[in-house]
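Below is one structure, written out as structure tokens; comments come after it.
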Amino acid sequence: MYEAVAMSLPKVYHRFSLLSLHTTTSPILPKTLFFSSSSLPLAVKRLHSPPLLRPQSRRFVAGKQFKAKSTMVSSRFHHLVPVNALTAEDGGNGTGSNGAADATASVAYDDDVESASVTGYRLPPFEIRDIVDAPPLPALSFSPLRDKILFLKRRSLPPLSDLARPEEKLAGIRIDGKCNTRSRMSFYTGIAIHQLMEDGSLGPEKEIQGLPEGAKINFVMWSNNGQHLAFSVRLDEDDGSSSKLRVWVANVDTGKARPLFESPDVYVNAVFDNFVWVNDSTLLVCTIPLSRGDPPRKPLVPSGPKIQSNEQKNVIQARTYQDLLKDEYDEDLFEYYATTQLVLASLDGEMKPFGPPAIYTSMDPSPDQTYILISSTHKPFSFVVPCGRFPKKVELWKANGEFVRELCDLPLAEDIPIAFNSVRKGMRSINWRADKPSTLYWVETQDGGDAKVDVSPRDIVYTQSPAPHDNEQPKILHKLDLRYGGISWCDDTLALVYESWYKTRKVRTWVISPGSEDVNPRILFDRSSEDVYSDPGSPMSRRTPAGTYVIAKVKKEDDGDTYILLNGSGATPEGNIPFLDLFDINTGSKERIWQSDKEKYFETVVALMSDQKEGELSINELKILTSKESKTENTQYYLLSWPEKRACQITNFPHPYPQLESLQKEMIRYQRKDGVQLTATLYLPPGYDPSRDGPLPCLVWSYPGEFKSKEAASQVRGSPNEFAGIGPTSPLLWLARRCVSVLGLLSCQGRQSQLLERVMKRPMTATPKQKRCCLSGLSTNDI
């Protein structure tokens, strides 16, 4: 195995805390720096530091700065807290910190080392805090008809009150009992609608009206006709907790929102699923049973000892899971919070129960809105595996609430082998065909779920109608020698089936004709998942009138061949250069119809926008949504139209952290002693001049990755032109404090000096201790 480090820059999440950072070569760095692992205020203890580097004393309380005379330093620190009277933004009357602290937290900031004796929460320096608290860009959601765009507004960080709320750790999940949902759930703060004009520009913003003040919004869903939105709303209560979730609906044309249920006692149970559109005017909602009482109380004395037996003497090695059920009380508590009553609710206010109360885990209406596929779990529960392996029942119901049949009832799965690619026995991956009104398909393993068993075929894909005739058996759609990985549907003449095997990293793509038994399946692609240079791309999908997604077929004028669009990342030794290919599914020939600019920008294909009509798409009427960014320009979205390939910018988001707009970014390569070529990304603070500024503290972010070959480990991943996304826990935050950051591919233990030599453009002669400190964020000059 070859170990290296892989890093996706827009998704950098790293927990770290530097308690002291000082240097004689960078006087702008504070002698004492506090920054918690979650970018929130940090409770600190008293630290000691050399007196020569003591800066002028300053104090920050809840975002306000105070200067004090040095003679008052020792006395005022004892009176710095409590500051409970100061209210942060999350309490509604805040003083400006977006999520930095809640209304009851003690918050203070001071650069003087003696301030470490202060109890309470600490805030990071303003250079970092301004970036962390900056409002993030909104999430985008396009309407089914591609004529409107939702801007889902967010806040940067959750309040401390959300993080401090109690949670029930049950069956491998964490539940917020007050809201009856998963704990620490993020949320939107507002919804705005923009009309997408014919020329690609955006119309004026229309804010969704009628929401209560301080609404926390989740699970935003379009109706299939694009005329309504459904979402959940919860509010902060007087005691700092959040209320239970209620379903709201909004008219897209008017922008007016209202609760779906007239009764104030109907709440969403979002522990597993939440709600789904059955048709354009009806939703199926997971609700908390009205007859449910108070949570069960933990008995003072257990009902008996904990007993686990293995009478079959069938020893199965199991992985280690967290937050499992521990006793009968946990079982009762899990059943209490997870039990759901399904309710059919129409937009005109009519509602009726759907089936008996149970622990429902998913709801999936058929494309023609006739049937609903419903999954649930039930006892016996387990103390050694999470809820995903509890007994699972899959049933078929009609959309009006009439039970049709039971598809399967899988037993408790405590015996799944630990080997990669091992799976559960019985039916799995039960879904609707996206290209048919209501046709089921699923997979069944032929090796007993054990990846160590050598058998052919290993998986079989079956298909069947929802209401088969007497003695009608499922049809075999395809047989696989590797593990099933999914299907992309198109029509009766074309579907792509994927299979893979982790041990060899092999991935295959098969071409099948679902409606023609006479046409033999054939392999379209057979490659290694680690070989990113050979990745041909993924087929682009178009939306059907039923709301499903199928492979988009494209036609040329005066050409009867069948083409699909392959959207690829375009990995090359110079970095990723995304592309869009017109691919002949029969001959394998391809034509590159679009490619990202590789000199300055990094562009990607996001979605197909000309998919309102059924059937094949004309290449001259093609419209795609692309994103465009550079080292210094944040992501913007464009509408690209054929045949001229005219690009129209539809967003104009401001730079999220203008203070770092001119940061310097460079992709560097170096060779490990065993010949493996590795890659890293070097970030330098804005305006850094080596001859003028000298050496700076350097932070190296690394995490091990595993590859099967030297060649795979040496391949370049990512692009030097990507925008540096800085999250609230990103190491790149230290650029604001004039630190150098290195992210990317790094060799395993004992090889770090090779990368540092490349970064610093000089040999490393420091001791092992000095090298470790440099990796922790300190310059070798600090030792």
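The values are calculated or read from the model by the stated rules, or taken from the named source; none is laboratory data. Keep in mind that what you see is a predicted model, and the values were worked out from it rather than measured. For neighbour counting, all protein chains shown are included, and Cβ atoms are generated from backbone atoms with ideal geometry for every residue, glycine included. Note: areas computed on protein heavy atoms with side chains; ligands, DNA, RNA excluded. Shrake-Rupley method; radii C 1.70, N 1.55, O 1.52, S 1.80 Å.
Figures for the structure shown
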{"quantity": "Top-ranked residue of the range 162-183 - restricted to ones that are among the hydrophobic types (A, V, I, L, M, F, W, C) and in a loop (DSSP other than H, G, I, E, B), ranked as most open to solvent (accessible area, probe 1.4 Å)", "calculated": "Ala164"}
{"quantity": "Restricting the range 317-327 to residues that are open to solvent by 90 Å² or more (accessible area, probe 1.4 Å) and not polar (S, T, N, Q), the residue that is farthest from Pro380 (Cα to Cα)", "calculated": "Arg319"}
{"quantity": "Residue match in the range 301-316 (condition: surrounded by fewer than 18 Cβ atoms within 10 Å (Cβ to Cβ) and in contact with a strand residue (DSSP E or B) (Cβ under 6 Å, 6 or more places away or on another chain))", "calculated": "no"}
{"quantity": "Residue among Asn218, Asn225 that is out of contact with any Ser or Thr (no Cβ under 6 Å at 6 or more places or on another chain), at negative phi and buried (at least 16 other Cβ atoms within 10 Å of the Cβ)", "calculated": "Asn225"}
{"quantity": "Residue satisfying all of: in the range 743-757; crowded, with 22+ Cβ neighbours inside 10 Å and not in a helix (DSSP H, G or I); modelled with the lowest pLDDT among these", "calculated": "Ser747"}
{"quantity": "Pair list, Cβ < 6 Å and 6+ apart or interchain, from the range 336-351 residues that are within 16 Å of Asp265 (Cα to Cα) to residues that are outside any strand (DSSP E or B) and at pLDDT below 95", "calculated": "Gly349/Glu262"}
{"quantity": "Any hit, the range 601-612, residues being over 30 Å from Glu205 (Cβ atoms) and out of contact with any His (no Cβ under 8 Å at 6 or more places or on another chain)", "calculated": "no"}
{"quantity": "Scan of the range 228-240 for residues that are open to solvent by 10 Å² or more (accessible area, probe 1.4 Å) and closer than 14 Å to Ala345 by Cβ, ordered by number", "calculated": "His228"}
{"quantity": "Any hit, the range 581-593, residues being touching a residue at least 60 places away in the same chain (Cβ under 8 Å), within 30 Å of Glu644 (Cα to Cα) and either open to solvent by 70 Å² or more (accessible area, probe 1.4 Å) or part of a strand (DSSP E or B) (or both)", "calculated": "no"}
{"quantity": "Any hit, the range 269-276, residues being open to solvent by 20 Å² or more (accessible area, probe 1.4 Å), in contact (Cβ under 8 Å) with a residue 24 or more places away in the chain, of a type in the set (Val, Ile, Thr) and under 27 Å from Pro367 (Cα atoms)", "calculated": "yes"}
{"quantity": "Residue in the range 342-354 that is at pLDDT below 90 and open to solvent by less than 100 Å² (accessible area, probe 1.4 Å) present", "calculated": "yes"}
{"quantity": "Test: Glu444 is in contact with a strand residue (DSSP E or B) (Cβ under 7 Å, 6 or more places away or on another chain) and at pLDDT 95 or above", "calculated": "yes"}
{"quantity": "1 or more residues closer than 30 Å to Tyr371 by Cβ, without any contact (Cβ under 8 Å) to a residue 40 or more places away in the chain and out of contact with any helix residue (DSSP H, G or I) (no Cβ under 7 Å at 6 or more places or on another chain): qualifying strands (runs of 3 or more DSSP E) within the range 464-533", "calculated": "475-480, 483-491, 494-501, 506-512"}
{"quantity": "Output for the range 495-543, where each listed residue is farther than 30 Å from Lys613 by Cα and of a type in the set (Lys, Arg)", "calculated": "Lys503, Arg505, Lys506, Arg508, Arg527"}
{"quantity": "Filter result for Gly200 (in a loop (DSSP other than H, G, I, E, B) and open to solvent by less than 10 Å² (accessible area, probe 1.4 Å))", "calculated": "yes"}
{"quantity": "Qualifying residue in the range 375-391 (condition: in a strand (DSSP E or B) and out of contact with any Phe, Trp or Tyr (no Cβ under 8 Å at 6 or more places or on another chain))", "calculated": "no"}
{"quantity": "When residues of the range 534-545 are limited to those that are in a loop (DSSP other than H, G, I, E, B) and modelled with pLDDT of 95 or more, the one most open to solvent (accessible area, probe 1.4 Å)", "calculated": "Asp535"}
{"quantity": "Options Asp330, Asp265: the member that is within 19 Å of Thr181 (Cβ to Cβ) and open to solvent by 60 Å² or more (accessible area, probe 1.4 Å)", "calculated": "Asp265"}
{"quantity": "Qualifying residue in the range 241-255 (condition: closer than 22 Å to Pro135 by Cα, open to solvent by 10 Å² or more (accessible area, probe 1.4 Å) and modelled with pLDDT of 95 or more)", "calculated": "no"}
{"quantity": "Search result, residues across the range 358-370 that are under 11 Å from Trp397 (Cα atoms) and either open to solvent by less than 30 Å² (accessible area, probe 1.4 Å) or modelled with pLDDT under 95 (or both)", "calculated": "Met363, Pro365, Ser366"}
{"quantity": "Options Ile418, Ile316, Ile372: the member that is β-branched (Val, Ile, Thr) and either under 20 Å from Leu283 (Cβ atoms) or under 25 Å from the mean Cα position of the chain (by Cα) (or both)", "calculated": "Ile372"}
{"quantity": "Scan of the range 392-417 for residues that are open to solvent by 60 Å² or more (accessible area, probe 1.4 Å) and not in a strand (DSSP E or B), ordered by number", "calculated": "Asn400, Glu402, Pro411, Glu414, Asp415"}
{"quantity": "Sole exception among (1) of a type outside the set (Ser, Thr, Tyr); (2) under 30 Å from Tyr637 (Cβ atoms); (3) at pLDDT 90 or above for Pro728, by number", "calculated": "(3)"}
{"quantity": "Answer from Asp447, Asp454 - the residue that is open to solvent by less than 20 Å² (accessible area, probe 1.4 Å), without any contact (Cβ under 8 Å) to a residue 12 or more places away in the chain and not aliphatic (A, V, I, L, M)", "calculated": "Asp447"}
{"quantity": "Search result, residues across the range 458-476 that are open to solvent by 30 Å² or more (accessible area, probe 1.4 Å), at pLDDT 95 or above and of a type outside the set (Val, Ile, Thr)", "calculated": "Tyr462, Ser465, Pro474, Lys475"}
{"quantity": "Yes/no for Ser243 being more than 28 Å from the chain's Cα centre (by Cα) and of a type in the set (S, T, N, Q)", "calculated": "no"}
{"quantity": "Matching residues, the range 142-179, being modelled with pLDDT under 95, over 18 Å from Phe219 (Cα atoms), under 18 Å from the mean Cα position of the chain (by Cα) and of a type outside the set (Ser, Thr, Tyr)", "calculated": "Leu157"}
{"quantity": "Sole exception among (1) open to solvent by less than 30 Å² (accessible area, probe 1.4 Å); (2) farther than 20 Å from Leu290 by Cβ for Ala338, by number", "calculated": "(2)"}
